[in-house]
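Participant: Have a look at the structure that comes next, please.
The values are calculated or read from the model by the stated rules, or taken from the named source; none is laboratory data. Predicted, not measured: the structure shown is a model, and the values here were computed from it. Cβ placement follows ideal geometry from the backbone for every residue including glycine, while neighbour counts extend to all protein chains displayed.
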Amino acid sequence: MTNLASPRLAGAACVAAPVLLLASTISYITAGDGMNSGEAGGAIQVWAMIAFALVVVYLARELELPAPRAAAALTVVGLIGVAGGVGYGIDSIQAAIFDTGSIQETDSAAAPLALQLPGVLFPLGLIGLGVMLVRTGAVARWSGWTLAAGGLLFPLSRIPDIEALAVVADALLVIALVPLGWQMMRGAVSGGSKPERRSTRVQATRVTG
C-alpha cells in the first residue's frame, strides 16, 4: 500500500504480536494451570492473534511480486491459523472462568475442527513465511530463519505443554519480528509490493555485500 499509515501499522503489529504472545505464555505459566488455561493468558492471546493477522498480511505482501502463489497460499494458511489461535484463547478463558476444562477434553468434533486443525496452520504459516522471506531476499537471512524456528518450536512446546520451550519459541518470534517492526515504524519499508519495483525490501535488515 502507498498509505503512509500502512508501514507504521504493520510495524506496530510486528512489535505487538510476539510481545503479546510472550506475555500470554508467561501469564499461563504464572497462573499454574498449564498452557492454554487461564483468563488473563487467554485474553492476551486473543489480542496477540489479532496482531498476528496483520503480521501475516504484511509479510505476505512482501512476497507478492517474487512469489505471488506462495504469498496467496501463506496468507490463507496464516489467517486460518490466526483464527485457530483466537479459538484457543477463548477456550482458555471459558475453561478458567467456568472450570469446565478445555473443549479438547470432550468428545465433541468441535475441538479438531475449530481448534486443532486451524491451530496447527498457525506455526506452518510462520515457518512458510520465514523460509520464503529468506528465499526471496525480502529480509535478512537471520530474521527469516529465526521466524521459521519460532514457528517450528511453537507446536513442539504447546502440544506436550513444555513451558520453558514455549518461552523460547515466543522469544524467537520477538527477536525475528520486533526489529523488523521497529524499522517499519521508522519508515524503512514500503508496506507492500508495488508494480514498478521488483519487490519491496526491508532496507535496515537486508544483507549487504
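Participant: Considering (1) assigned to a helix (DSSP H, G or I); (2) over 23 Å from residue 20 (Cβ atoms), say which one residue 137 fails and leave the rest.
Facilitator: For residue 137, the failing item is (1).
Participant: Additional query: Given the structure, is residue 64 of a type outside the set (Ser, Thr, Tyr), out of contact with any Gly (no Cβ under 6 Å at 6 or more places or on another chain), surrounded by fewer than 18 Cβ atoms within 10 Å (Cβ to Cβ) and at pLDDT below 95?
Facilitator: Criteria not met by residue 64.
Participant: Within region 3-16, is even one residue without any contact (Cβ under 8 Å) to a residue 12 or more places away in the chain and in a helix (DSSP H, G or I)?
Facilitator: Yes, that holds for at least one residue.
Participant: Show the residue pairs meeting these rules: Cβ distance below 6 Å; 6+ apart or different chains; first residue within region 139-157 and surrounded by 17 or more Cβ atoms within 10 Å (Cβ to Cβ); second residue polar (S, T, N, Q).
Facilitator: Once the first residue is surrounded by 17 or more Cβ atoms within 10 Å (Cβ to Cβ) and sits in region 139-157, its partners that are polar (S, T, N, Q) give 139/205; 140/205; 143/205.
Participant: Can you give me the number of residues within region 91-132 that are among the hydrophobic types (A, V, I, L, M, F, W, C) and either touching a residue at least 24 places away in the same chain (Cβ under 8 Å) or in contact with a Ser or Thr (Cβ under 7 Å, 6 or more places away or on another chain) (or both)?
Facilitator: Qualifying residue count for the region: 15.
Participant: Which condition from (1) in a helix (DSSP H, G or I); (2) crowded, with 18+ Cβ neighbours inside 10 Å; (3) of a type outside the set (A, V, I, L, M, F, W, C); (4) over 11 Å from the mean Cα position of the chain (by Cα) is the one that residue 78 breaks?
Facilitator: With respect to (1) in a helix (DSSP H, G or I); (2) crowded, with 18+ Cβ neighbours inside 10 Å; (3) of a type outside the set (A, V, I, L, M, F, W, C); (4) over 11 Å from the mean Cα position of the chain (by Cα), residue 78 is out only on (4).
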